[in-house]
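Here is the structure we will look at.
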Amino acid sequence: MTSAWNKRPLAVLVVLIAIHVLAHIDRNMLLAFSPAITKDLALSNAQYGFLVGAVWVLSFGFMALFMGSLADRFSRTRIIAAGVLIWSVCTWASGHAQSFGQLAVARFFVASGEAALVPSAVALLAELFTPQRRGTALGIFFVGIPLGIGLSFVLAGSLGAGLGWRSTFTVLGVAGVLIALGLACLRDDRAPAPGTVGTARRGEPFVAQSRAVLGVMGRNRALQFTVIGFVLVHLIFAGFSFAQLWMVRERGFDAATIARTIGGVQIVFGVLGAVVGGMLGDRLSRRFAGGQASFMALLVAVCGPFMVAYRFVPADSPFFYVGMCAASFLPLALYGPANSLIQGLTPAHMRSTMAGLTMTVINVFALALGTVVAGAVVDRLGAGGDPQALTLVLLATDVLALCSGLLFWLAARQLRLGKARVDLNVSPTLAH
C-alpha cells in the first residue's frame, strides 16, 4: 500500500468490503449447495454437520488469533492477500473433492485463510479512519456478513443452477486468486502513533504478543466488559441456527415460505443494522459520558423487549415480525461500535491480535459451544415431552445475549469514571 493509498480510506474500505463479501460467499456456499453436495458425496447428516460446524470452528477460531499476531508484525495487506490466496485455492479444491475426507481438509484450510481477513482489516480501518468515524467504517465493513450469506444462496440458485456446485466453486476460487495477486503488490505503510516520529511500533512473536494482549485485557476492565458483552450477543446467532426449525415445528410456518422470509430479513436488517449501528454509534456516543459503550447498552435495551416478545406472541401478530427484524438488526448493529471501542482501548501494535482474540472467543464459545449446548438441551427437553422445547431454549439464548447490555453498561461506567482511556487522537494525515 503506497502512502497515497493511505490518503484514500474510502477506497480501502470499498476494497475490504468486496473481499469480505467474497469471504462469506465462499464460506456459505457449502450451505447454499447442501442438497447437491450431500447427495453427490453421499454425506451423512453427521458428516455434513461436521463440515459446516466443527471443521470451521477448529480452524477459523484458533487461526484468527495467530493471523492477528502476524498482521501486527508484518504487512497487513500481504497477510490478507495470503489469506485470500489460501482460501481461494481451497475453495477451488472443494469443487474437486471426491470424498468426505477431501472436502473436510479443503474446508479446514478455507477457514484458515479466511481467519486472516478480519483481524488485519479491522486494525487497518482503525488506523485509516479517525475515532469519530471509525465505528461507521467498521460497521460498513461488516455489511460483508449479511451480503455474503445472501449472495451465496442467490448465486447457488442462479449461476449454480446452470454450472453446478463444482464449477461454481472453481469460478469463485479463480476469482479469489486474481484478487490475492493484486493485493500482494500493495505496501502497508503503517502510520506512527500521533505525536511521534519514525516508524510505527510492530508486534512481538506469537507467544509474546498473545501474552501482551492478555495482559492489556487483564488490566483494562472496560475492555474486558466490552469483549465479553460482544461475545455474549453472538448467542443470537447460536439461536438462529434453530430459527427455521422453531418456526416450522412450533409456530406452524411452511418451510419454504419462512426460509425466504428469514433470508430476506437477514439481508435487509443485517445490512441496515451494520450501517445504522456504526453511524449512530459515532454520532450519539459523543453525547454520552460512556461513549460507544453507553450507546451499545441503549441499543440492547431498545431491541431486547421486541426480541423477547417475539417468542410469545402469535405467529400472525405484527410483533412477531418486529421481533424477527430486531434479532437480525441488533448483532450487526453492534459490530461497528463494539469493534471501534475495542480497537480504541488497545495499543496500536496489538490491534490485529486483539481482533483475532475476539474472533476466536466468539467462534469457540458463542457459536460452537453455544450451538451444541442449545441443541443438546432441545433434545433433552423434547425427550421429556415438552412441546415448546425450541421456544424455551431460544428464549434462553436471547436472554443470555441481552445480558450483553449489562456488560456494556459496566464498560461505560469504567469509562465515565476515567478508569480506561479510549484512543481519541487524530492524525492530520488520516483525518478523513
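The values are calculated or read from the model by the stated rules, or taken from the named source; none is laboratory data. These numbers come from a predicted model, not from an experiment. Glycine gets a Cβ as well: all are built from the backbone with ideal geometry, and neighbour counts include every protein chain shown.
Here is how the numbers come out for the structure above:
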quantity	calculated
Lone qualifier among SER99, SER94 - being over 22 Å from ASN339 (Cβ atoms) and surrounded by fewer than 22 Cβ atoms within 10 Å (Cβ to Cβ)	SER99
Pair list, Cβ < 6 Å and 6+ apart or interchain, from the stretch 179-191 residues that are under 17 Å from ALA123 (Cα atoms) to residues that are among the basic types (Lys, Arg)	ASP188/ARG76
Residue that is surrounded by 18 or more Cβ atoms within 10 Å (Cβ to Cβ), modelled with pLDDT under 95 and within 22 Å of ARG413 (Cα to Cα), where the choices are GLY277, GLY229, GLY291, GLY270	GLY291
Filter pass, GLY144 being modelled with pLDDT of 90 or more, in contact with a Gly (Cβ under 6 Å, 6 or more places away or on another chain), buried (at least 22 other Cβ atoms within 10 Å of the Cβ) and within 30 Å of ARG260 (Cβ to Cβ)	no
Residues located in the stretch 264-298, provided they are over 18 Å from the mean Cα position of the chain (by Cα) and among the aromatic types (Phe, Trp, Tyr)	PHE288, PHE295
Condition check for THR360: within 18 Å of LEU124 (Cβ to Cβ) and part of a helix (DSSP H, G or I)	no
Where a residue in the stretch 72-99 is farther than 21 Å from HIS349 by Cβ and not assigned by TED's automatic domain parsing to the domain that holds SER167 and its partner, wherever it lies, is of a type outside the set (A, V, I, L, M, F, W, C) and surrounded by fewer than 19 Cβ atoms within 10 Å (Cβ to Cβ), with Cβ under 9 Å and at least six apart	none
Enumeration of residues in the stretch 344-398 that are surrounded by fewer than 19 Cβ atoms within 10 Å (Cβ to Cβ) and basic (Lys, Arg)	ARG380
Residue selected from the stretch 252-263 under the condition surrounded by 15 or more Cβ atoms within 10 Å (Cβ to Cβ) and more than 23 Å from the chain's Cα centre (by Cα), by the criterion farthest from LEU341 (Cα to Cα)	PHE253
Subset of the stretch 32-57 (residues that are modelled with pLDDT of 80 or more, assigned to a helix (DSSP H, G or I) and not hydroxyl-bearing (Ser, Thr, Tyr))	ALA32, PRO35, ALA36, ILE37, LYS39, ASP40, GLN47, PHE50, LEU51, VAL55, TRP56, VAL57
Selection from the stretch 309-318 of residues that are in contact with a helix residue (DSSP H, G or I) (Cβ under 6 Å, 6 or more places away or on another chain) and not in a loop (DSSP other than H, G, I, E, B)	ALA309, TYR310
From GLY263, GLY281, GLY336, GLY277, residue being farther than 26 Å from LEU417 by Cα, in contact (Cβ under 8 Å) with a residue 24 or more places away in the chain and either outside the structural domain of ALA366 (by TED's automatic domain parsing) or not in a loop (DSSP other than H, G, I, E, B) (or both)	GLY263
